[in-house]
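The values are calculated or read from the model by the stated rules, or taken from the named source; none is laboratory data. What you see is a predicted model; the values in this text were computed from it and never measured. When we count neighbours, we look across all protein chains shown, and the Cβ atoms used for this are built from the backbone with ideal geometry, even at glycine.
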Amino acid sequence: MTDLQANSSSSLDTEQDTVWEQEIAFIDSVPRWIAMTFVFLVFIGTWQLVTSFGLVSPIILPTPLETLKDMIFVGQNLATGGYMLGALWITIQEVIYGFALAIVIGFSLGVLVGETAFGEKAVMPYLVAIDTMPKVAFAPLFVAWLGFGIESKVALAAFIATFPIVVGTAAGLHAADENARMLFKTMGASRMQTLIKMKLPMGLPQIFTGLKIGAVGVMAGAITGEFLGGGKGFGELIRVAASQLNTPRVFSLILYLSVVGLALYLMVQWTQRKVVFWQKESVGSYDA
Amino acid sequence: MNTAAVQDYSGASTGAPVYELTHVSKTYARNQVVALQDVSLTLRKGSFTSVIGSSGCGKSTLLKIMAGLIPPSKGRVILQGEPVKGSRRDIGMMFQQATLFPWKTAVENIVLPIEIRDGKPAAKKALEKAYELLDIVGLKGFENVYPNELSGGMAQRASICRMLITEPAVLLLDEPFSALDELSRDMMNMELQRICREQDATAFLVTHSIQEAVILSDEIVVMKPRPGRIAEVIKVDLPRPRTLDMMTTPKFGEIVDQIRGMLDKGEDM
């Protein structure tokens, strides 16, 4: 105590506030929009440099400007209801049907596996076994069974998207803690009541995590299905453009396709925010 | 000591038996561990009993058996003249965590036991009572707030209301305030005492805190582990209503020391 007093009276001005600035490194202090623009410009700049110095053949990598021109062309075709819009609509249908199917099957299996000891013992091992297989390899089978139409693509898309939904639902049903279970038991709740009024709402964050992973998978499934099984979708347009070495077209088609994928993902996320309104943080991440 | 308080205490010890446990034992089949051995216990109407003991002394098992959550391996559990086999409407339970459901508002959480047992229309009718209970525990104005916006202490107050909404004859309390800070904990204990007296409830508290047990209880059951059994039942003849400043009286200190001595011995075994 005396030490402190001696110190403060001799060397320090005790009247002054001890306000001081915490150091933040420059790289951490850059605003998000500047940082994002910067990365974008570096990307485009590198791309431009690589192409303008002729380091890569224009067939393999077109210039950014060429790609932009093609994007505008594709955009016009889509906006004016051209053949590309028809193709996009087919792919969108595959995605919607595939996702809906995956939700119904995935949720049902998830409840079976997560809620019943039978499901966990007898069904889960098989699901894990199938999940570890490269699911894309099943595409030729789906084509053989369901033909070259939209059905085989829907099947592959649903097949890929089902598993994360099963896992998410099962994990969600296990999320309820011991106290919540005991509480419901003391209230004399039936199994069905416990499932509907407690376990499912409690597990919604995990269920939505499964849905989001599924939403990404369903897109990949639909396009893979189109690559391998033909048809009239956007994947077919990409395949044709690639075979004609029309690389700018491939790029711009992928861009418009990613808009569809992003829209689906954001729809799931928006629904999650509305439904799981109490879950404030980590809504955007997988590890909910 | 004033005479009214003394009468209060003697009333609790001579009330009609509400809970009767006779030679209750629990052996877990999986590892043949004897969690509970030959426990006999009587809780009387309006009494407050605490059970205290080191971990593994079987107090949680005892509470679960009393609540009808798990069956005993041997012995009888009678509540209000009826054997306990499964969940009972006349039991109210509270845990260390408030366990309010985040998708329901405070009142919706409170009427949940009614909703589960009697359906939504009955729960709607019970809303009025839920409002009254919230008022009693000092949560007026928080009726339609979601649990996210409640502090730990407020959440536990709401869960007290949920426990009381079915007007249970006995309250089984599993370390209900041990997650709270000491100040809130003392306040909640006094609140609990008041509610128990007002509702003439029979309470059974599992706790780790000797002070908490002494300030609240008429009787303290001291348990020993391996196998879990009752070592001693201690009567607390402090006058009622209890106040926090009783914790500094010599009498209080004596009882605390007595129990601590027993628990230390239990630990050595």
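Look through segment A:160-182, keep the residues that are in a helix (DSSP H, G or I) and out of contact with any Leu (no Cβ under 9 Å at 6 or more places or on another chain), and return whichever of them is farthest from residue A:105 (Cα to Cα). Give the derivation first.
From segment A:160-182, those in a helix (DSSP H, G or I) are A:160-173, A:178-182; that's our starting set.
Subsequent filtering for residues that are out of contact with any Leu (no Cβ under 9 Å at 6 or more places or on another chain) retains A:160, A:171, A:178-181.
Values: A:160: 12, A:171: 16, A:178: 28, A:179: 30, A:180: 28, A:181: 26 Å.
Among residues in segment A:160-182 that are in a helix (DSSP H, G or I) and out of contact with any Leu (no Cβ under 9 Å at 6 or more places or on another chain), the one farthest from residue A:105 (Cα to Cα) is A:179.
Looking at segment A:27-47, which of the residues that are among the polar types (S, T, N, Q) and over 27 Å from the mean Cα position of the chain (by Cα) is modelled with the highest pLDDT? Before the answer, list the steps.
Pass one, segment A:27-47, residues among the polar types (S, T, N, Q): A:29, A:37, A:46.
Of the ones still in play, those that are also over 27 Å from the mean Cα position of the chain (by Cα) are A:29, A:46.
Numbers: A:29: 87, A:46: 93.
Among those residues, the one meeting the criterion is A:46.
Which one is nearest to the other protein chains (Cβ to nearest Cβ) among residues in segment A:167-201 that are surrounded by 22 or more Cβ atoms within 10 Å (Cβ to Cβ) and among the hydroxyl-bearing types (Ser, Thr, Tyr)?
A:186
Which ones in segment A:126-153 are within 30 Å of residue A:202 (Cβ to Cβ) and not in a helix (DSSP H, G or I)?
From segment A:126-153, those within 30 Å of residue A:202 (Cβ to Cβ) are A:126-132, A:135; that's our starting set.
Result: A:132, single match.
Among the polar types (S, T, N, Q), within 18 Å of the chain's Cα centre (by Cα) and in a loop (DSSP other than H, G, I, E, B): which single residue out of B:60, B:55, B:50 fits that description?
Details: B:60 fails: in a loop (DSSP other than H, G, I, E, B); B:50 fails: in a loop (DSSP other than H, G, I, E, B).
The unique qualifying residue is B:55.
Can you pull out the residues in segment B:67-76 that are within 11 Å of another protein chain (Cβ to nearest Cβ) and surrounded by fewer than 24 Cβ atoms within 10 Å (Cβ to Cβ)?
Just the residues of segment B:67-76 that are within 11 Å of another protein chain (Cβ to nearest Cβ), to begin with: B:67-70.
Within segment B:67-76, B:68, B:69, B:70 qualify.
Residue check: is residue A:224 within 14 Å of chain B (Cβ to nearest Cβ) and surrounded by fewer than 21 Cβ atoms within 10 Å (Cβ to Cβ)? First the steps, then the outcome.
On the way: within 14 Å of chain B (Cβ to nearest Cβ): no; surrounded by fewer than 21 Cβ atoms within 10 Å (Cβ to Cβ): yes.
No, not satisfied.
Yes or no: residue B:205 closer than 20 Å to residue B:138 by Cα and out of contact with any helix residue (DSSP H, G or I) (no Cβ under 6 Å at 6 or more places or on another chain)?
Values: closer than 20 Å to residue B:138 by Cα: no; out of contact with any helix residue (DSSP H, G or I) (no Cβ under 6 Å at 6 or more places or on another chain): yes.
No, not satisfied.
Starting from segment A:178-189, take each residue that is at negative phi and list its partners that are of a type outside the set (A, V, I, L, M, F, W, C) and buried (at least 17 other Cβ atoms within 10 Å of the Cβ), counting only C-beta distances under 6 angstrom and pairs at least six apart or across chains.
From segment A:178-189, the pairs are A:179/B:97; A:179/B:99; A:180/B:99; A:183/B:99; A:184/A:194; A:185/B:87; A:186/B:87; A:187/B:113.
If the Cβ limit is 8 Å and pairs must be 6+ apart or interchain, which residue in segment A:68-86 that is under 14 Å from residue A:247 (Cβ atoms) pairs with which residue that is exposed (fewer than 15 other Cβ atoms within 10 Å of the Cβ)?
Short answer, once both residue conditions are applied: A:71/A:255.
Out of the residues in segment B:101-124 meeting the condition of being part of a loop (DSSP other than H, G, I, E, B) and facing chain A (nearest Cβ under 10 Å), tell me which one is nearest to residue B:50 (Cα to Cα). Give the steps one after another, and end with the answer.
Quick first cut of segment B:101-124, residues part of a loop (DSSP other than H, G, I, E, B) only: B:101-105, B:111, B:119.
Among the residues that remain, those that are also facing chain A (nearest Cβ under 10 Å) are: B:101-104.
On the way: B:101: 28, B:102: 31, B:103: 33, B:104: 32 Å.
Looking at residues that are part of a loop (DSSP other than H, G, I, E, B) and facing chain A (nearest Cβ under 10 Å), I get B:101.
Suppose we keep only residues that are out of contact with any helix residue (DSSP H, G or I) (no Cβ under 6 Å at 6 or more places or on another chain) and farther than 18 Å from residue A:205 by Cα within segment A:104-125. Which one would you say is surrounded by the fewest Cβ atoms within 10 Å (Cβ to Cβ)?
A:117
Taking residue B:169 as the residue in question, decide whether it is touching a residue at least 24 places away in the same chain (Cβ under 8 Å) and within 13 Å of chain A (Cβ to nearest Cβ).
Numbers: touching a residue at least 24 places away in the same chain (Cβ under 8 Å): yes; within 13 Å of chain A (Cβ to nearest Cβ): no.
So residue B:169 does not fit the description; no.
Take the residues in segment B:175-217 that are under 24 Å from residue B:264 (Cβ atoms) and among the acidic types (Asp, Glu), then tell me which one is surrounded by the fewest Cβ atoms within 10 Å (Cβ to Cβ).
Among them, the one singled out is B:182.
Which condition breaks for residue B:16 when tested against (1) under 20 Å from the mean Cα position of the chain (by Cα); (2) crowded, with 22+ Cβ neighbours inside 10 Å?
Unmet for residue B:16, out of (1) under 20 Å from the mean Cα position of the chain (by Cα); (2) crowded, with 22+ Cβ neighbours inside 10 Å: (2).
Could you identify the single residue in B:226, B:240, B:185 that is of a type outside the set (S, T, N, Q) and on the phi > 0 side of the Ramachandran plot?
Details: B:240 fails: on the phi > 0 side of the Ramachandran plot; B:185 fails: on the phi > 0 side of the Ramachandran plot.
The match here is B:226.
Among the numbered criteria (1) within 30 Å of residue B:154 (Cα to Cα); (2) away from every other protein chain (no Cβ under 13 Å); (3) crowded, with 19+ Cβ neighbours inside 10 Å, which single criterion is violated by residue B:36?
So residue B:36 meets the others, but not (1).
Can you tell me how many residues in segment B:77-97 are assigned to a loop (DSSP other than H, G, I, E, B), more than 9 Å from every other protein chain (Cβ to nearest Cβ) and buried (at least 16 other Cβ atoms within 10 Å of the Cβ)?
Looking only at that region, the number is 2.
Which one is nearest to the other protein chains (Cβ to nearest Cβ), of the residues in segment B:39-60 that are modelled with pLDDT under 90 and more than 28 Å from residue B:239 (Cβ to Cβ)?
By that ranking, first place goes to B:60.
Does segment B:175-223 hold any residues that are among the acidic types (Asp, Glu) and farther than 19 Å from residue B:18 by Cα, and which are they?
We begin by selecting, within segment B:175-223, every residue among the acidic types (Asp, Glu); these are B:175, B:181-182, B:186, B:191, B:198, B:200, B:212, B:218-219.
Those that are among the acidic types (Asp, Glu) and farther than 19 Å from residue B:18 by Cα: B:175, B:181, B:182, B:186, B:191, B:212.
One line per residue, one yes/no per condition, for (1) buried (at least 20 other Cβ atoms within 10 Å of the Cβ); (2) more than 20 Å from residue A:79 (Cα to Cα); (3) modelled with pLDDT of 95 or more; (4) aliphatic (A, V, I, L, M):
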site: A:234; (1), (2), (3), (4): yes, no, no, no
site: A:242; (1), (2), (3), (4): no, yes, no, yes
site: A:248; (1), (2), (3), (4): yes, no, no, no
site: A:280; (1), (2), (3), (4): no, yes, no, no
site: A:284; (1), (2), (3), (4): no, yes, no, no
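Tell me which helices (runs of 4 or more DSSP H) are completely within segment B:145-239 and hold 1 or more residues being among the small types (Gly, Ala, Ser) and at pLDDT 90 or above, or say none if there are none.
On the way: elements: B:152-164, B:182-199, B:210-216.
Correct list: B:152-164, B:210-216.
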